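A.B. asks: One structure is given below, represented as structure tokens, and several questions about it will come after.
The values are calculated or read from the model by the stated rules, or taken from the named source; none is laboratory data. Source: prediction; values computed, not measured. Here the Cβ positions follow ideal geometry from the backbone for every residue, glycine too, while neighbour counts run over all protein chains shown.
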Amino acid sequence: MKKITLLLTFVLLSFTKGKAQTFELGFGIGSGTAYLVENLDDGIDIDYSTPLSSYVDLKYSKSDKYFGAKLRLQYLNAGIRGSNWKGLNYNINGEVTSLTTLILLEHLKCNSKWNSGYNFGLGYTNQTFKPDLVNSINNIESTYLSINISGILNRKINENFSFQIEPNLMWTDPINSLRNREKWQIAGEDISMLIQLGLTYRIN
């Protein structure tokens, strides 16, 4: 229901009156490091594989506004191996998959062949942690707030298409990240750093 509400809000915003309105559809893939803090912690036996990320988004902007609004669906998948450090004493050989719905504010003026910008915003993440790829009984479903910040390097191909590189930082469950370390969860409160390559298509 929350996703539907966010989508309707974006659509209503998109059809407000204004000068030189622009819609852009974007999609891309990438990789990087998932759950960086947990992955680098030498005190626990957990290792995340190189993740696969992908996204699709729709951006609305006006020429007289500094920021455009973007709705993005962000997918992330990473393998996980090691031992359960929460005291349950079992081995982990599985994966973590998440889908995040993000509302972003983006500043990017494509006045030249090469352009740079940034975006930032909040999202709602649905995550599935599978400790065992064979047995799905112990799957853990989680939902939480996420914060996203990205830089943008844009290369215009023609009037409608552009190529983009986005270094991206996503902070999952930032509220619980600030509580006692002993209460942190596996594949929970953490930071993922990605580099994503994509294409944008200007609809009008």
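A.B. asks: If I filter region 170-183 for residues that are assigned to a strand (DSSP E or B) and either of a type in the set (G, A, S) or in contact with a His (Cβ under 9 Å, 6 or more places away or on another chain) (or both), do I get at least one hit?
C.D. replies: No, region 170-183 contains no residue that is assigned to a strand (DSSP E or B) and either of a type in the set (G, A, S) or in contact with a His (Cβ under 9 Å, 6 or more places away or on another chain) (or both).
A.B. asks: Kindly indicate the residue of region 1-45 that is among the polar types (S, T, N, Q) and at pLDDT 85 or above and also farthest from G82 (Cα to Cα) among those meeting that condition.
C.D. replies: Looking at residues that are among the polar types (S, T, N, Q) and at pLDDT 85 or above, I get Q21.
A.B. asks: Limited to region 184-204, what total is found for residues that are of a type in the set (D, E, K, R) and assigned to a loop (DSSP other than H, G, I, E, B)?
C.D. replies: Counting residues in region 184-204 that are of a type in the set (D, E, K, R) and assigned to a loop (DSSP other than H, G, I, E, B) gives 1.
A.B. asks: In region 51-85, which residue that is assigned to a loop (DSSP other than H, G, I, E, B) and within 22 Å of the chain's Cα centre (by Cα) is farthest from I140 (Cα to Cα)?
C.D. replies: F67
A.B. asks: Let me ask you something else. Residues of region 92-135 being in contact (Cβ under 8 Å) with a residue 40 or more places away in the chain and among the acidic types (D, E), which ones?
C.D. replies: If the condition is that a residue be in contact (Cβ under 8 Å) with a residue 40 or more places away in the chain and among the acidic types (D, E), then E106, D132 are the ones that fit.
A.B. asks: Sort out which residues of region 86-117 are assigned to a strand (DSSP E or B), surrounded by fewer than 16 Cβ atoms within 10 Å (Cβ to Cβ), at pLDDT 90 or above and of a type outside the set (A, V, I, L, M), and write them in order of number.
C.D. replies: Result: H107, W114, S116.
A.B. asks: Which condition number does I203 fail, the rest of (1) touching a strand residue (DSSP E or B) at 6+ places or on another chain (Cβ under 7 Å); (2) of a type in the set (A, V, I, L, M); (3) closer than 25 Å to Y124 by Cβ being met?
C.D. replies: If we test I203 against (1) touching a strand residue (DSSP E or B) at 6+ places or on another chain (Cβ under 7 Å); (2) of a type in the set (A, V, I, L, M); (3) closer than 25 Å to Y124 by Cβ, just (3) comes out false.
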